[in-house]
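The values are calculated or read from the model by the stated rules, or taken from the named source; none is laboratory data. Computed from a predicted model, the values in this text were never measured in an experiment. Virtual Cβ from ideal backbone geometry, glycine too; neighbours counted across all protein chains shown. Note: areas computed on protein heavy atoms with side chains; ligands, DNA, RNA excluded. Shrake-Rupley method; radii C 1.70, N 1.55, O 1.52, S 1.80 Å.
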Amino acid sequence: GAPEMTPEEALLALRAVATLRTALLGLSLYAFARLTVYVWRPLLDRVFVSTSVVRFVPYDPSAVGSDTVCVDCAHRNLPTLTHHKDGSTPKHLRGDTSTDTVFNALRAGWRPLKMANAVTCNHFDIDGLVSAWALIEPLKALEHEDVLRETARIGDFRELRVTRGTRGGDDPDDGEPGADDDAFGMWSETTAALRLCAWINTVERTLFTRPFEGNEHRESARKYAHFLPLVADALDAVEPSAGSTAEADEAAAERSGLRLGDEEVARVLDGVTRLYGNLAGNPEGNLTETWDDLGVCVVRCESPTHYYALFSLATDADFVVSVYSGGRYECECRYTGFVDYRSRATWPRFNLRALADALNARDAAVTRGGSHLRWDVSGYTDPGPVLRLDDTRPGEKLTRAERYGSPDERRIHVSALEPEAFVRVVRAFFEHAARGARAHLGVTDNSRIARRGWSWRETHELNAKIDWAAFQ
């Protein structure tokens, strides 16, 4: 038979078994911890959406740590959820708006949201407000996700999603395109989002200051303090939950002050009606001309409208040329080029200064003796550069806040250029810019210029390489 173990050998065997058990237990605990960190916890985070964020705090550029999440702007030291260029937001979370990015982070179970107790932003606007509120009230926000995403899109990109020629109702497929009883329609989410945007816009300029007016840091803190407690009621009013009564919806509207935005809603819809034509039948002819190979949309209409109506015709463009009756014109860069737009390729921002110079040389409204008018435009790093005739006399030139307002809120001076002459010069400018961009990028087709992910460094390099002096 087998030889018997000595006491010493038996003790060694017991120690070996104990060591093996300890090692196996350690490996099991390590595997469990790894599974918890990389598998189970992320799965739970996605299934059970939540954040630890409970309050808004004013923006502090010197803040550090993980206690605060920054939305809709950049920050050197804080976890950030923004659509702005060159930010630190994880690429897989980015969306067209910061609100899109926030919802993507909520659904992905982004870990910083489980650690932070506050949210901040360095300015106040609709996208910033919705982003901050969604982190503070994530479950309520998810109930209204489509409306909130649409609200941020309208607020930031100032475009209303309009369906052309639909018969009433929320679904354009319910009727025949081009039906006689409606020249346009809107999804229910868009209608609800428009009411929210109009409410925020109206209350902001009535109770506080307009965007880009006053001390932005101080005014932003006051605006967030006012609006954040009211968003839930406003949402219940524009998108009532199932089983809600008309009385409850009206009470929510009253508590939030939602009806204060009704006048702006009517103004937007009036602009849409004028642009698309209505039942009584006075369409304004060929409204749009799209230069798809240049990223430009030309909109012709009798008189200026609200931005939400105007840009509903230019959702796929990055530059809009507005041609109004009586020799009134504007050309502007859309906000799509200012941020890291994700849902489609965008054109880089171009410096419109060379176009302004060319128009100043051609427009008799500028060159005639004693004229105070001059074509002018802000730099391409401005959120929304608008090329327009401005009165250069002290106190007459539009302020930044006035430029940010809708075209129907500002005076547009009369040019001596005929409409087609103005459009020809503008088209020649964008063709010149495209040639320079092709040469710099080493491509032969304009379709290769537009892309996702344009950084400011790349935009600066591109504009520096284009020979603007050669454009006459």
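Some points to look at:
- If you sort the three axes of the alpha carbon gyration tensor as a ≥ b ≥ c, you get a/c of 1.5 or more for the range 245-372 and a/b above b/c, which makes it prolate.
- Dipole of the range 358-472, positive end: most advanced residue of V366, N463, P394 [Cβ charges, Cα centre]: N463
- Taking all protein chains into account, the per residue accessible area for the chain stands at 47 Å² (1.4 Å probe).
- Against the main long axis of the alpha-carbon atoms of the chain, helix 246-256 sits at an angle near 80°.
- Taken along the Cα-to-beta-carbon direction at a fixed 7 Å, the label points for L25 and A345 span 6.1 nm.
- Lys-Lys pairs in the chain that are eight or more residues apart or on separate chains and whose Cα atoms lie under 23 Å of each other come to 4.
- Helix 98-108 and the longest principal axis of the C-alpha atoms of the chain enclose an angle of approximately 20°.
- With helices as the sole contributors, the chain gives -13000 deg cm²/dmol at 222 nm; each DSSP H run of n ≥ 4 counts as -39500 (n - 2.57), and the sum is divided by every residue.
- Between E396 and L142, the simple spin-label model (points 7 angstrom out along Cα→Cβ) gives 5.8 nm.
- Percent carbon-and-sulfur accessible area, the range 246-386, ignoring ligands, DNA and RNA, probe 1.4 Å: 49
- DSSP beta bridge pairing in the chain, given as percent antiparallel to the nearest 5: 60
- In terms of the mean number of neighbouring beta-carbon atoms within 10 Å, the peptides 364-372, 380-388 order highest first as 380-388, 364-372.
- Candidate values (1) 51, 29, 22; (2) 45, 24, 20; (3) 34, 26, 23, label of the one derived for semi-axes √(5λ) of the Cα gyration tensor in Å: (1)
- Accessible area of the range 52-124 belonging to carbon and sulfur atoms, whole % at 1.4 Å probe: 50
- Extension gain, D292 to R448: 0.36 nm times the residue separation minus the Cα-Cα distance gives 54.9 nm.
- Taking the Cα centre of the chain as origin and assigning +1 to Lys and Arg Cβ atoms and -1 to Asp and Glu Cβ atoms, the resulting dipole is close to 1900 debye.
- Rounded to whole numbers, the Karplus 3J(HN,Hα) couplings from phi for the range 318-335 are 10, 9, 10, 10, 9, 10, 9, 5, x, x, 10, 9, 9, 9, 9, 8, 6, 5 Hz, using 6.51 cos²θ - 1.76 cosθ + 1.60 with θ = phi - 60°, and x at Gly and Pro.
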